[in-house]
Amino acid sequence: NDREPTIAFSQYPRPADTPQLNSDKPDLKDIRVMGYSMRTDDYRYTLWFGFNPDNFTLNLDDIHAGEVYFVEDDPGEDHNVYENFTHDKLTKKLF
Amino acid sequence: DREPQDGMNVLFIVVDDLRSALGCYGDALVKSPNIDQLASQSVVFQNAYAQQAVCAPSRVSFLTGRRPDTTRLYDFNSYWRVHAGNYSTLPQYFKENGYVTMSVGKVFHPGISSNHNDDYPYSWSIPPFHPSSEKYENTKTCRGKDGKLHANLVCPVDVSKVPEGTLPDIQSTEEGIRLLNLMKAKEKKFFLAVGYHKPHIPLRFPQEFLKLYPWENITLAPDPQVPKKLPSVAYNPWMDIREREDVKALNISFPYGPVPKHFQRRIRQSYFASISYLDAQVGRLLSALDDAGLSDNTIVVFTADHGWSLGEHGEWAKYSNFGVALRVPLMFYVPGLTTFFPYLGQRLFPYIDPFSHVSSPAPQEKPQEMVELVSLFSTLSELAGLRVPQTCPETSFHIALCTEGESIVQYFDTTKEEEDDDEDDYVDK
């Protein structure tokens with residue numbers, strides 16, 4: 001492919017690391033984790049960071065979880081292979 | 001000799017919770033002949049994604065051209081103009097450039113996130129229209145097996161027997177048609193946004209649309225289990241469907257379920273039927289565009305605020321970063337650009353009755369680029385011949401007009417080769 005790869009970004013907030021009654025739609029004051037995703041033709045990479053709702057800041061050293069799915073082998077995003085990788089380059093790319 | 005953008009109107013159709021389950025996206029089960037017909041005249045983006053899979057943040061994002069971190073709206077409880085920055089919106093930009101801008105149905109998410117007035121009068125020339133029957137959406141209007149009325153998730157209805165004898169999207173279509181005819185008479189450039197409510201839950205639709213989806217054709221999601229290595233923070237427990245009466249009665253365990261298989265199939269069947277009901281409304285609206293003689297000078301955009309999980313990963317909602325929750329249909333019909341200008345009297349969008357139509361849509365295959373809804377602002381500005389707002393700097397809370405999404409018109413030319421092949425046919429006509 002001679003074109004520059006295109007990327008779509010998305011995000012989702014959570015109140016906690018485990019499912020709660022307000023996990024779907026947390027109020028701003030309750031948001032403690034923010035999951036940022038970067039999606040290309042080839043993969044989706046997501047990192048869940050600590051989030052402070054008082055000043056809208058992320059703690060980049062506070063990674064709660066990660067997800068990596070490769071489109072060709074796993075188009076349905078069912079097999080998270082985050083643990084199989086070192087993430088320095090991907091993390092740098094995301095930010 | 002006309003340039004595509006000369007004096008173009010805009011018809012902006014946005015659907016609530018519609019994943020790309022449409023014939024034109026290769027879905028063999030779903031009957032969407034009218035949207036497929038629009039797609040056949042449009043550039044259809046195969047990989048379009050929302051910025052956050054929940055209504056208010058997604059809509060405020062694409063209507064302001066800023067990401068949620070800039071609108072600072074992640075929930076439903078603040079108005080960006082006072083909470084983040086006094087950002088211009090897409091319709092406001094058109095209004096300030098001489099367009100009559102109008103909102104029908106759910107365009108902004110209602111409530112405080114749009115200042116309880118759909119951002120009127122900043123964004124709209126006239127007060128936004130909301131269908132009167134919307135107030136019954138979450139009331140007990142679904143006939144149960146016990147013969148009583150319930151507030152169910154799965155809710156096929158006899159339209160003649162519901163309150164007011166109509167449904168919100170039917171009313172929105174009627175208002176959209178009325179406004180198209182009005183604008184035709186006034187001969188003013190317009191930006192008409194029509195926001196449809198379905199297939200958002202409850203899955204409340206005219207019961208005849210169930211006939212399009214025989215029970216034996218309804219399957220489960222290909223991956224209905226919660227993935228083993230999914231971090232718990234990534235999972236959403238789909239609370240809103242648990243609150244419906246029919247789902248409550250199933251006593252599904254929190255947070256991981258699962259929903260009983262027979263009910264999974266019922267949800268899927270009703271979601272698909274809701275899409276076909278929506279398709280019929282879109283068909284009526286586009287047919288009216290033809291009738292008003294506006295098809296040759298109106299850009300039509302069709303998209304959704306985000307997708308919806310239909311049982312994939314054990315989820316039944318949006319509220320996640322999964323592709324099924326974020327991927328949306330996105331297509332642009334631009335007369336003279338995505339297709340030739342219609343010749344005199346040509347009907348581009350005749351209404352197609354889904355009950356008599358044998359569906360065999362040709363799935364579109366390009367463009368394949370990953371694109372984002374945050375690009376809608378700059379893309380529509382470019383298509384309409386307006387100046388494209390400048391790209392926002394890294395911090396832009398103090399800047400009223402800029403965009404965080406680049407125009408995706410640059411990807412439109414991937415269809416040109418095919419158009420050239422059709423040129424001889426066009427000349428013959």
Open item on the list: Using only DSSP helix segments of four residues or longer, with each worth -39500 (n - 2.57), what per-residue ellipticity at 222 nm results for chain B after dividing by its residue count and rounding to 500?
Closed with: -7500 deg cm²/dmol
- [ ] Return one number: the angle in degrees, 0 to 90 and rounded to the nearest 10, between the long axis of the Cα atoms of helix B:55-64 and the longest principal axis of the Cα atoms of chain B.
- [x] 10 degrees
Task: Sorted by Cβ density within 10 Å, fewest first, the residues B:Thr339, B:Thr64 - done: B:Thr339, B:Thr64
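Average partner chain C-beta neighbours within 10 Å, per residue of A:42-48? Provide the component values of the computation, followed by the final result.
Values: counts 0, 0, 5, 0, 6, 0, 4.
Average neighbour count from other chains, rounded to a whole number: 2.
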Open item on the list: Per-residue counts of other Cβ atoms within 10 Å, averaged by peptide: what ranking do you get for B:197-209, B:11-23, highest first?
Closed with: B:11-23, B:197-209
Task: No Cys partner within the rule (Cβ under 4.7 Å), chain B - done: B:Cys24, B:Cys55
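Once R0 is set to 41 Å, what does the formula 1/(1 + (r/R0)^6) return for the Cβ-Cβ distance between B:Phe341 and B:Thr166, expressed as a FRET efficiency to the nearest 0.05?
The computed FRET efficiency comes out at 0.70.
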Open item on the list: Skipping prolines and chain starts, which residues have an amide H placed within reach, meaning under 5 Å, of the one on B:Asp118, given they are 5 or more residues away or on another chain?
Closed with: B:Gly111
- [ ] Kindly work out what percent of the DSSP beta bridges joining two residues of chain B are antiparallel, to the nearest 5.
- [x] 30 percent
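In what sequence do B:Phe191, A:Phe9 fall when counting other Cβ within 10 Å, fewest first? Walk me through the numbers before you get to the answer.
Numbers: B:Phe191 26, A:Phe9 19.
Result, fewest neighbours first: A:Phe9, B:Phe191.
Rounded to the nearest 500, what is the 222 nm mean residue ellipticity of chain A from helices alone, with -39500 (n - 2.57) per DSSP H run of 4+ residues and division by all residues? Don't skip to the end; give the middle numbers.
Numbers: 1 runs with 7 residues, N = 95.
Calculated at 222 nm, the ellipticity per residue is -2000 deg cm²/dmol.
To the nearest whole number, what is the average tally of beta carbon atoms from other chains within 10 Å of the beta carbons of peptide A:23-34? Kindly include the intermediate steps, with their values, before the conclusion.
Numbers: counts 10, 11, 13, 3, 5, 8, 2, 1, 2, 1, 2, 3.
Per-residue shielding by partner chains comes out at 5.
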- [ ] Search the structure for amide H atoms under 5 Å from the amide H of B:Phe191, placed 1.01 Å from N in the peptide plane, and list their residues when 5 or more places away or on another chain.
- [x] B:Val10, B:Val100, B:Thr101, B:Met102
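Taking the Cα centre of region B:40-189 as the origin, how large is its charge dipole in debye, to the nearest 20, when only Lys and Arg (+1) and Asp and Glu (-1) carry charge on their Cβ atoms?
80 debye
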Task: Relative contact order of chain B, defined on C-alpha pairs under 8 angstrom at six or more residues apart (%) - done: 30 percent
TODO: Provide B:Leu348, B:Leu149 in ascending order of the number of other Cβ atoms located within 10 Å of each residue's Cβ, fewest first.
DONE: B:Leu149, B:Leu348
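Exactly which trypsin sites (Lys or Arg not before Pro) in region B:82-176 are in a DSSP loop and have at most 16 other Cβ atoms within 10 Å? Write out the running numbers ahead of the final one.
On the way: sites: B:Lys95, B:Lys106, B:Lys135, B:Lys140, B:Arg143, B:Lys145, B:Lys148, B:Lys161; in loops: B:Lys106, B:Lys140, B:Lys145, B:Lys148.
Within region B:82-176, the qualifying trypsin sites (Lys or Arg not before Pro) (loop, at most 16 other Cβ atoms within 10 Å) are B:Lys140, B:Lys145, B:Lys148.
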Task: Proximal lysines to B:Lys161, defined as alpha-carbon separation beneath 21 angstrom and excluding residues fewer than eight positions away on the same chain - done: B:Lys135, B:Lys140, B:Lys145, B:Lys148, B:Lys198, B:Lys211
Task: Cα shape, the protein assembly as shown, gyration tensor, a/c 1.5 rule - done: rounded
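Report the antiparallel proportion of the DSSP beta bridges in the protein assembly as shown as a percent, rounded to a multiple of 5. Write out the running numbers ahead of the final one.
Working: 35 of 64 bridges.
Bridges in the protein assembly as shown that DSSP calls antiparallel: roughly 55 percent.
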- [ ] For B:Lys366, list the lysines whose Cα falls under 19 Å from its own Cα; do not include residues on the same chain fewer than 8 positions away.
- [x] B:Lys416
- [ ] Work out the mean other chain Cβ neighbour count within 10 Å for the residues of A:72-79 and drop it here as an integer.
- [x] 5
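Taken together, the values in this text are just the output of simple stated rules run on the coordinates, not laboratory data. Bear in mind the structure is a predicted one, so any value in this text is a computation, not a measurement. Don't worry about glycine lacking a Cβ; one is built from the backbone with ideal geometry, like all the others, and counts go over all protein chains shown.
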